[in-house]
Amino acid sequence: MTAEKFVAADVIRSSFSLAMSEMYRAEVPAYGTLMSLVAKVNRQTLAQDETLQQRLAATDSLDRISEERHGAIRLGTREELAMMRRAFAVMGMVPVGYYDLSTAGVPVHSTAFRPVGSKSLSHNPFRVFTSLLRLDLIADEALREEAAAVLASRRIFTGEAVTLIEKAERDGGLDQADAARFVGELLETFRWHQHAIVSPDMYARLHDAHRLIADVVSFKGPHINHLTPRTLDIDQLQSLMPQEGIAPKAIVEGPPARKCPILLRQTSFKALEESVSFQDASGNWQTGSHTARFGEIEQRGIALTPKGRALYDALLNETRARIRPAADGSNASAYEAGLADVFKAFPDDWNDIRKAGLGYFSYSLTPKGEAAAGRKLDLEMAIDEGLIQFDPIVYEDFLPVSAAGIFQSNLGDDATQDFVASPNQVMFERDLGASVLDEFAHYGEIESASLDRCLAVLDMASAAE
Ligand code: OOG
Ligand code: NI
């Protein structure tokens, strides 16, 4: 079979992302409401901001905006995580970054599976925040063993999905018919199951240990727990959500509203109380309820360099040392004011951010630059003369403090527990069966590749800096 017969990984990812969105819309109607609201606000924002519209069109990201989404799942075992990595690889998604949530009282560690490289990202940036439960953080040994036994007995992938993953690995891709079957089979792993695989008694014990453990262990598979569209104006969305009957969490996570958006701002609506059934010892099904699935929206800004990220982390810590956002929203406006105040220390002009080495940019020749090919200037001079322009590179990853805030708002405030902070990237990568990509190195490569395309007017020495 020749390579042309294979469907491109980017194309499989797009159809999977679409299939997942359709499934979630049917499962959680509020997601559909949120999607429509986001599309409406994005249209309005673009209509009012011609410069934004032009830059998004020029950097290939206009089409992808309203389509863009991420999801999240929580896995129970290393075997599940390793197979999930192989499944995502078929769609061109690789593990990027390591997130330790134990510090925030959530017994998981995570990575984000996503496409890398500007071409794949602009084709479809679909990503999945994937967490692995850490039973090693659970104190009750008997419960830990019982939970491990339940997890060991379940199969979250269909046999057909595994066969197709193996086939893709062996042959180097999937043809049209196999790719379509793969999408359908893999989707099964993410489906919601109303019937729990544990007894009501065991559910209660898992739930008492930590609500997250009950969510991971009690069901047949790792149901997708949210799908997040990208908005161009999250503050507008946060204020419009209640009118649509959706109650947002108390504060928007991440940096404050700014002229030049940095990293990632997120808000969510609380998990739904859903009816589930548990089979008791005599085989009868009992009705109960479970909260797991919620809705989230996000606004993405520029990817920060390690220096920029250190400044962001320091300013966020400073804000939270001054005022910690209460889960009931009682100090939300004071927190927002404090955040805005502290973040005045972060430059809010693209060129200042760039010159201070705080963010990653994509450089390109202007029409004037194309015409001036052969002149050899230093980068700053080429920019000053209008030969080279720069656009912020969008942050494609996640933020651990924000993720913890999202987890907590959905697990309920009583779920906050203290665990000894124990990041263990070595263990995570062993379980994953691969190492995770360093996000900073990756953004750095995208930036230098963009400079390479400007060499017509650029002095090599200045570009190599
Ligand atoms: C994942 C929460 C993290 C985000 O956007 O930061 C996340 C979860 O609740 O499983 O999705
Ligand atoms: Ni999320």
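The numbers here are math on the coordinates, done by the rules we state, and not lab data. Nothing here was measured: the structure is a model prediction, and the numbers come from that model. Methodologically, a virtual Cβ is constructed for each residue, glycine included, from the backbone with ideal geometry; neighbour enumeration extends over all protein chains shown.
Computed values, structure above
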quantity: For Thr103, Thr51, Thr228, order by how many other beta-carbon atoms lie within 10 Å, fewest first; calculated: Thr51, Thr103, Thr228
quantity: C-alpha long axis of helix 9-27 to longest principal axis of the chain, angle in °; calculated: 50 degrees
quantity: q = 0.15, 0.17, 0.20 Å⁻¹, region 145-251: log10 I(q)/I(0) [Debye, one scatterer per Cα]; calculated: -0.87, -0.93, -0.99
quantity: Compactness of region 291-336 as Cα Rg over 2.2 N^0.38 Å, two decimals; calculated: 1.50
quantity: Cβ-based charge dipole, region 2-159, positive-most Cα from Val41, Met91, Leu135; calculated: Met91
quantity: Lys, Arg +1 and Asp, Glu -1 on Cβ, resulting dipole of region 271-417 about Cα centre, debye, nearest 20; calculated: 480 debye
quantity: Percent RCO, i.e. relative contact order, over region 293-415, from Cα pairs under 8 Å lying at least 6 residues apart; calculated: 33 percent
quantity: Gln286 long-range amide H proximity, modeled H, under 5 Å; calculated: Phe278, Gln279, Asp280
quantity: Average Cα contact separation per residue, the chain, under 8 Å, 6 or more apart, as relative contact order %; calculated: 19 percent
quantity: Positive-end residue of Tyr443, Trp192, Val426, charge dipole of the chain with Cβ unit charges; calculated: Trp192
quantity: Using θ = phi - 60° and Karplus 6.51 cos²θ - 1.76 cosθ + 1.60, couplings along region 162-179 (whole Hz; Gly, Pro as x); calculated: 5, 4, 6, 4, 4, 5, 4, 5, 5, 8, x, x, 10, 7, 3, 5, 5, 4
quantity: Cα-based radius of gyration of region 7-94 once divided by 2.2 N^0.38 Å, which approximates compact folds; calculated: 1.36
quantity: Net charge of Cβ neighbours under 11 Å - reference Val7; Lys, Arg +1; Asp, Glu -1; calculated: -2
quantity: Label-point gap, in nm, between Thr291 and Ala82 - each point 7 angstrom along Cα→Cβ; calculated: 3.7 nm
quantity: Surface/4 estimate of mean projected area, convex hull on alpha-carbon atoms of region 122-198, nm²; calculated: 7.8 nm²
quantity: Rg/Rh (Cα only; Kirkwood hydrodynamic radius) as it applies to region 255-348; calculated: 1.22
quantity: Alpha-carbon spread of region 267-312, three principal axes, descending order, Å; calculated: 60, 19, 12
quantity: Restraint check, Lys119/Lys220; Lys307/Lys368; Lys40/Lys270, Cα-Cα greater than 28 Å; calculated: Lys119/Lys220; Lys307/Lys368
quantity: Distance histogram for region 296-393 (every C-alpha pair counted, 5 angstrom bins, percent rounded to whole numbers); calculated: 2, 11, 16, 16, 15, 12, 9, 7, 5, 4, 2, 1, 0
quantity: Rh (Kirkwood; distinct C-alpha pairs) - the chain, Å; calculated: 23.6 Å
quantity: Longest to shortest principal axis, alpha-carbon extents of region 213-274, angstrom; calculated: 45, 27, 18
quantity: Inter-site label distance for Thr51 and Ser448 at 7 Å from Cα along Cβ, in nm; calculated: 3.1 nm
quantity: Segment Asp384-Ala26, length gained on full extension (0.36 nm per residue, minus Cα span); calculated: 123.7 nm
quantity: With 10 Å bins from 0: P(r) over region 67-178, alpha-carbon pairs, percent; calculated: 12, 36, 34, 14, 3
